[in-house]
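K.L.:
Please see the structure below; I have some questions.
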């Protein structure tokens, strides 16, 4: 997977499934009991923090790599 299109074709369906799951659980009249536990709250917070952290690190690396690539080709 070398192009942006390849990444788009993989990440967009996954994103759509996650959004679909969130909407379906959110539209339930009564939430499942396991969503109200403290452990689930911790897992969700850590998962969001991990995804955000990985995204920040990858974006930072990509910006620096592209910067040096542009410098090399200047």
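The values are calculated or read from the model by the stated rules, or taken from the named source; none is laboratory data. Please read these numbers as outputs of a predicted model, since none were measured by experiment. Neighbour counts are summed over all protein chains in view; Cβ atoms, including those assigned to glycine, are modelled from backbone coordinates with ideal geometry.
K.L.:
Just checking, how many residues over the stretch 19-41 are assigned to a helix (DSSP H, G or I) and either surrounded by fewer than 10 Cβ atoms within 10 Å (Cβ to Cβ) or at pLDDT 90 or above (or both)?
P.N.:
Here the count works out to 10.
K.L.:
Run residue 59 past the list (1) under 14 Å from the mean Cα position of the chain (by Cα); (2) modelled with pLDDT under 90 and report the number of the one that doesn't hold.
P.N.:
Against the list (1) under 14 Å from the mean Cα position of the chain (by Cα); (2) modelled with pLDDT under 90, residue 59 comes up short only on (2).
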